[in-house]
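A.B. asks: I'd like to ask some things about the structure below.
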Amino acid sequence: MELYKLSAYELHNLIKGKEVSVEEVVTSLLQRIKKVEERVKAFLSFYQKEALNEARKWDKKISGGEEVGPLAGIPIAIKDNLCLDSAETSCASNILKGFYPPYSATVLNKLNKAGTILLGKTNMDEFAMGSSTENSAFQITRNPWNLETAPGGSSGGSAAAVASGEVPFALGSDTGGSIRQPAALCGVVGLKPTYGRVSRYGLVAFASSLDQIGPIAKTVRDCAYLLQAISGKDELDSTSLDYPVSDYIQCLIPDLQGMKIGLPKEYFITGIEEEVKKKVITATKVIQELGAQIEEISLPHTKYAVATYYLIATAEASSNLARYDGVGYGYRTQERTNLIDMYKRSRQEGFGDEVKRRIMLGTYVLSKGYHDDYYGKAQRVRTLIKNDFDKAFKDFDAIITPTSPTVAFNLGEKTEDPLKMYLSDVFTISANLAGIPGISIPCGFNKNGLPIGLQILGKPFDEKTILRIAYAYEQNTEWHKRRPGI
Ligand code: GLN
């Protein structure tokens, strides 16, 4: 049996039934990594030896009769902006090279408790800034469906690792779409939780009012299991909320009777690929057949979302990244004449172009005489965008849109034109600005065999409804079963 092809839930059943050992699962994935990683380049680091040791420990516990939870002994990968105690955490940036955090992110402690086995850390756009993973300072990750195309970003390493069968599921982070957009481009499932649902403690901050950690998996069920494990209030993150965590597995019922879903007309704009539009519309028909009522709605401030996001995200990033000055973290320049010179050179040598661009823009929009015109105004428009959703959710249980206007684009196609790259997130960023949850699931392929993603947005803290819709759709379609022929 080719274990690497299975979902986490399928692996769990085999492990629980003692049909395979955890060591066999880990070994199968390590072999798969050996076979494809040279081409995909999804990982920045591996914990091969530790993973095998953990696997053997689990096998002992299981043969000793210990109860096997749903995540026990299941291998996982994490984006390299999650701090892991004593392991290099680089954010795919030269400035953090050699940074070994003295603590682990809360989500990693939770996963550890649930029993997952960490296989490695995945590539990303530097500091999660980008939509193609090409902004990594270290390597280019390739989309397993076509190695000449980008996996999306910034969690492109995690999405490509799952799509290519190197790992059954992974964690990413989403500030403006970085879980959902790469999930769509790689033909897997990705979920951004409500802001405050999951602790950000130990996630290297990009834009603190937008960042959330979330799962990327082959199936909706696997996403639900991961979300269940990482959700909840954390004393170490004051923005995590003490709001009851639902049972995300119980809610997975393949029936949508009585549900009302909105289809916002602003998301079917010019610029969206015809095939993407067609597949999403076809998907809504399937959802309708499952019992949901679908109606066109309007989210009138959608057109301001990209501009608003790039003012707020860059402002917060410029402040968050001020700490990397060659003193406390990672890289320090060799050539220096005095303290100020050392700061400047360390930052100049350590950060890549996109990060510098954002620090400059963010510093400008926060500067004296301008902050109310730019940052202040952007915050006011953010409220209008949130109000659009609040209004829609008075009448509707969820909203359906395409995840990305295009399928995977060619490597290099958008790197010279940042504005073009920024438009990749036109459908995902509103959810971050409004703080609401969103999931992307596969809903078809274009004529060149590249995956297309469907996005479902929900009310704050109502992850269970979007999971339920996603699950019902998935159970009645075959898209999630297709795997790249790599
Ligand atoms: N692509 C968006 C950006 O470049 C979103 C990134 C993210 O969600 N981390 O900012």
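The values are calculated or read from the model by the stated rules, or taken from the named source; none is laboratory data. Keep in mind the model is a prediction, meaning the values are calculated, not measured. No Cβ is skipped: glycine too gets one built from the backbone with ideal geometry, and neighbour counts run over all protein chains shown. Only protein heavy atoms, including side chains, enter the accessible area calculation; ligands, DNA and RNA are left aside. Shrake-Rupley method; radii C 1.70, N 1.55, O 1.52, S 1.80 Å.
A.B. asks: Extending each Cα 7 Å along its Cβ direction at Arg323 and Met360, get the distance between those two points in nm, one decimal.
C.D. replies: Result: 2.6 nm between the two label points.
A.B. asks: In addition: Taking H as built 1.01 Å from N, whose amide H comes closer than 5 Å to the amide H of Asn135, not counting residues under 5 places away?
C.D. replies: Placed amide hydrogens put Glu126 under 5 Å from Asn135.
A.B. asks: May I have the convex hull volume per residue, in Å³, for the Cα set of the chain?
C.D. replies: Convex hull volume per residue, Cα atoms: 139 Å³.
A.B. asks: Using only the alpha carbons of the stretch 208-288, what is the convex hull's orientation-averaged projected area in square nanometres?
C.D. replies: 8.2 nm²
A.B. asks: Also, quick follow-up: Can you give the FRET efficiency to the nearest 0.05 for Asp341 and Lys377, using r as the Cβ-Cβ distance and R₀ = 30 Å?
C.D. replies: 0.25
A.B. asks: So what's the net charge close to Ser430: Lys and Arg +1, Asp and Glu -1, counting the other residues with Cβ under 10 Å from its Cβ?
C.D. replies: The answer is -1.
A.B. asks: Across the stretch 351-361, in residue order, what do the Karplus-derived ³J(HN,Hα) couplings come to in whole Hz, using 6.51 cos²θ - 1.76 cosθ + 1.60 with θ = phi - 60° and x for Gly and Pro?
C.D. replies: Working through the residues one at a time gives 8, x, 4, 5, 5, 4, 4, 6, 5, 5, 4 Hz.
A.B. asks: Another question, if that's okay. Pairwise over distinct Cα atoms, reciprocal of the mean inverse distance: report the Kirkwood radius of the stretch 133-178 in Å, one decimal place.
C.D. replies: In the stretch 133-178 this quantity evaluates to 10.7 Å.
A.B. asks: Which entries of Lys5/Lys110; Lys279/Lys303; Lys192/Lys218; Lys79/Lys420; Lys279/Lys391 show an alpha-carbon separation above 20 angstrom in the structure shown?
C.D. replies: With Cα atoms farther than 20 Å apart: Lys5/Lys110; Lys279/Lys303; Lys79/Lys420; Lys279/Lys391.
A.B. asks: Just to check I understand the Karplus step: with θ = phi - 60° and J = 6.51 cos²θ - 1.76 cosθ + 1.60, what whole-Hz values come out for the stretch 394-404, glycine and proline as x?
C.D. replies: 5, 10, 10, 7, 7, 10, 10, 8, x, 7, 9
A.B. asks: If you don't mind, there's one more thing I want to ask. Quick one: dipole size for the chain, taken about the Cα centre, charges +1 on Lys/Arg Cβ and -1 on Asp/Glu Cβ, in debye to the nearest 20.
C.D. replies: 200 debye
A.B. asks: Per DSSP H run of at least 4 residues, take -39500 (n - 2.57); add these up for the chain, divide by its residues and hand me the 222 nm value, nearest 500 deg cm²/dmol.
C.D. replies: -11500 deg cm²/dmol
A.B. asks: Mind checking the per residue accessible area of the stretch 103-205 for me, 1.4 Å probe, whole number of Å²?
C.D. replies: That works out to 16 Å² per residue.
A.B. asks: Related question: Along each of the three principal axes of the Cα atoms of the stretch 68-123, give the extent in whole Å, ordering the values from largest to smallest.
C.D. replies: 41, 21, 13
A.B. asks: Still on this model: Heavy-atom accessible area per residue, the stretch 353-476, 1.4 Å probe: how many Å²?
C.D. replies: 39 Å²
A.B. asks: Here's something else I'd like to know. What's the local net charge at Asn448, with K and R +1, D and E -1, over the other residues with C-beta under 12 Å away?
C.D. replies: Its environment carries a net charge of -2.
A.B. asks: Quick one: Karplus J couplings for the stretch 453-458, per residue in order, coefficients 6.51, -1.76, 1.60, θ = phi - 60°, nearest Hz, x for Gly and Pro?
C.D. replies: Calculated HN-Hα couplings, in order: x, 10, 9, 10, 9, x Hz.
A.B. asks: Write down Rg/Rh for the stretch 372-467, rounded to two decimals, with Rg from the C-alpha atoms and Rh from the Kirkwood relation over Cα pairs.
C.D. replies: Result for the stretch 372-467 is an Rg/Rh of 1.04.
A.B. asks: Determine the relative contact order of the stretch 122-243: mean sequence separation of Cα pairs under 8 Å and six or more apart, normalised by residue count, in whole percent.
C.D. replies: 21 percent
A.B. asks: Quick one: which of 20-28, 65-73, 310-318 comes out on top by average Cβ neighbours within 10 Å, and what's the full order, highest first?
C.D. replies: Ranking the peptides 20-28, 65-73, 310-318 by packing returns 310-318, 20-28, 65-73.
A.B. asks: Over the chain, what is the mean sequence separation of C-alpha contacts under 8 Å (at least six apart), divided by residue count, expressed as relative contact order in percent?
C.D. replies: After rounding, I find 18 percent.
A.B. asks: In nm, to one decimal, how far is the modelled label at Leu419 from the one at Lys303, with both set 7 Å along Cα→Cβ?
C.D. replies: Computed distance between label sites Leu419 and Lys303 equals 1.6 nm.
A.B. asks: Let me ask you something else. Would you mind giving the three semi-axes, in whole Å and largest first, of the ellipsoid equivalent to the stretch 1-123 according to its Cα gyration tensor?
C.D. replies: Largest first, the stretch 1-123 gives 26, 17, 11 Å.
A.B. asks: How much length is gained on full extension from Lys391 to Glu478, taking 0.36 nm per residue of separation minus their Cα-Cα distance?
C.D. replies: Using 0.36 nm per residue and subtracting the Cα-Cα distance, I get 27.9 nm.
A.B. asks: Under 8 Å for C-alpha pairs, at least 6 residues apart: give me the relative contact order for the stretch 354-451, rounded to a whole percent.
C.D. replies: For the stretch 354-451, the relative contact order is 25 percent.
A.B. asks: I've got another one for you. Compute the Rg to Rh ratio over the stretch 1-71 from the alpha carbon atoms, using the Kirkwood formula for Rh, and round to two decimal places.
C.D. replies: With Rh from the inverse mean 1/r over Cα pairs, Rg/Rh is 0.99.
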